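Enquirer: Sharing a structure with you now.
The values are calculated or read from the model by the stated rules, or taken from the named source; none is laboratory data. Model, not experiment: these values are computed from the prediction. For neighbour counting, all protein chains shown are included, and Cβ atoms are generated from backbone atoms with ideal geometry for every residue, glycine included. In case anyone asks, the SASA skips ligands and DNA or RNA and just uses the protein heavy atoms, side chains included. Shrake-Rupley method; radii C 1.70, N 1.55, O 1.52, S 1.80 Å.
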Amino acid sequence: MIPCVLISEQRTGSNLLLGQLSQHPDITNFSEIFNPKQVSAIPHALSREEYMALKARNPTKLLHDHIFPASEINGKPPIHIFKLQYHNIKSANGKRIMELLTPLSEDLQVIHLIRRNAFERYVSKLNAEKTSKYFVSKGREQPRPPDPYPVARGEARRAMRHYLDDVNMIKKMVRGWPHRLTVRYEELVAQRIKTINQIFEFLSLEPIRPEVRSQKQSIPARFQVRNYEKLREHFRETRFGRFFEDGPGY
């Protein structure tokens, strides 16, 4: 077994990416380890009830004993992958997870999923909160976007700065780990097959052509944020100005 972790934050395409990777026969996806309601694969030694209880009570033990058991790490497929989000890493449980992963760094495959456009990520997060929809399966009815709303300058600045700081925090945290790959949301959306194949190559797996099993929920921020043009003008000469330029994958 080869251990693998997907590190990301909300609204950066992690569900889309895991949905693609999970279709490979040599990848077993254990989903988000701190979400007791989210179930994908279940370790063979546990019933569904035992798995759900352990996930809610002690995710570190679940990872140590059943998802990444040391006795089964041998550098050969299958690949066991789970998702870890930035805000979880900052928690007490998250710090224990990172302490558990550090000794495995020689074997651990790290996929760091980031979103270049910090403002679009923030607006996507606001939309999800307003509609209470964080994931929509392909073929399901698309949620109606919320009515256009304003975003305060200070609120936007804090959100963008916070996300960029967190990205840098993770980069520093895994800098010494030998097997890591940075994947960008915009490339995943605009060049899906090429990006997925790069990940399969990183994981030393034969490529497949996975289906899309989820659909994009948000519309571009310029259509959603009522004072978008004023924000763009305000941030034009700052380090955040690039987030108000049109680009693929918005």
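Enquirer: Of all DSSP beta bridges in the chain, what percent run antiparallel (nearest 5)?
Expert: Rounded to the nearest five, the antiparallel share is 5 percent.
Enquirer: Based on the Kirkwood radius over alpha-carbon pairs, what is the Stokes-Einstein translational diffusion coefficient of the chain at 4 °C with 1.567 mPa s viscosity, in µm²/s?
Expert: Using the Kirkwood radius from Cα pairs, D works out to 67 µm²/s.
Enquirer: While we're looking at this one, here's another question. Give a quick list of trypsin sites (Lys or Arg not before Pro) in the range 19-82 that DSSP marks as loop, anything other than H, G, I, E or B, with at most 13 other Cβ atoms within 10 Å.
Expert: LYS37
Enquirer: Quick check for you: with a 1.4 Å probe and neighbouring chains kept, what is the accessible area per residue of the range 39-155, in Å²?
Expert: Working: 6050 Å² over 117 residues.
Computed with neighbouring chains in place, this is 52 Å² per residue.
Enquirer: Between ILE27 and residues 5 or more places away or on another chain, which pairs have amide H atoms under 5 Å apart, with H built 1.01 Å from N, and which residues are they?
Expert: Residues meeting the criterion, in which the H sits 1.01 Å from N, are ILE79.
Enquirer: Report the Cα centroid-to-centroid distance between the range 222-243 and the range 35-56 in angstrom, as an integer.
Expert: Cα centroid to Cα centroid, the span is 43 Å.
Enquirer: Quick check: at a probe of 1.4 Å, how many percent of the accessible area of the range 3-99 sits on carbon and sulfur atoms?
Expert: Within the range 3-99, the accessible surface is 49 percent carbon and sulfur.
Enquirer: Same structure again: Could you give the dipole magnitude of the chain about its Cα centre, charging the beta-carbon of Lys and Arg +1 and that of Asp and Glu -1, in debye to the nearest 20?
Expert: Approximately 900 debye in magnitude.
Enquirer: log10 I(q)/I(0), Debye, Cα-only the range 31-104, no solvent, q = 0.14, 0.21 Å⁻¹?
Expert: -0.42, -0.97
Enquirer: How much length would be gained if the chain were fully extended between THR131 and MET169, taking 0.36 nm per residue of separation minus their Cα-Cα distance, in nm to one decimal?
Expert: Details: separation 38, 0.36 × 38 = 13.68 nm, distance 2.99 nm.
Length difference between fully extended and current span is 10.7 nm.
Enquirer: Average the reciprocal distances over every distinct pair of alpha-carbons in the range 5-138, invert the result, and give the Kirkwood radius in Å.
Expert: Value: 15.8 Å, from the Cα pair sum.
Enquirer: Among ILE42, PRO145, MET160, whose Cα sits farthest toward the positive end of the charge dipole of the range 34-167 (+1 at Cβ of Lys/Arg, -1 at Cβ of Asp/Glu, about the Cα centre)?
Expert: Toward the positive end, the furthest listed residue is PRO145.
Enquirer: Next question, about the same structure. Against the longest alpha carbon principal axis of the chain, how many degrees, from 0 to 90 and to the nearest 10, is the axis of helix 153-173 turned?
Expert: Orientation of helix 153-173: about 30 degrees from the principal axis.
Enquirer: Between the range 157-193 and the range 82-115, how many Å separate their Cα centres?
Expert: The two parts, judged by their Cα centres, are 13 Å apart.
Enquirer: A further question follows. Let me check against my output: what whole-number percent is the relative contact order of the chain, with C-alpha pairs under 8 Å and at least 6 apart?
Expert: 27 percent
Enquirer: OK, next. Using the beta-carbon distance between GLU233 and GLU106 and R0 = 45 Å, what value does 1/(1 + (r/R0)^6) give for FRET efficiency, to the nearest 0.05?
Expert: 0.35
Enquirer: By accessible area of protein heavy atoms, probe 1.4 Å, what ranking do MET173, MET160 get, highest first?
Expert: Reading off the accessible areas and sorting them downward yields MET173, MET160.
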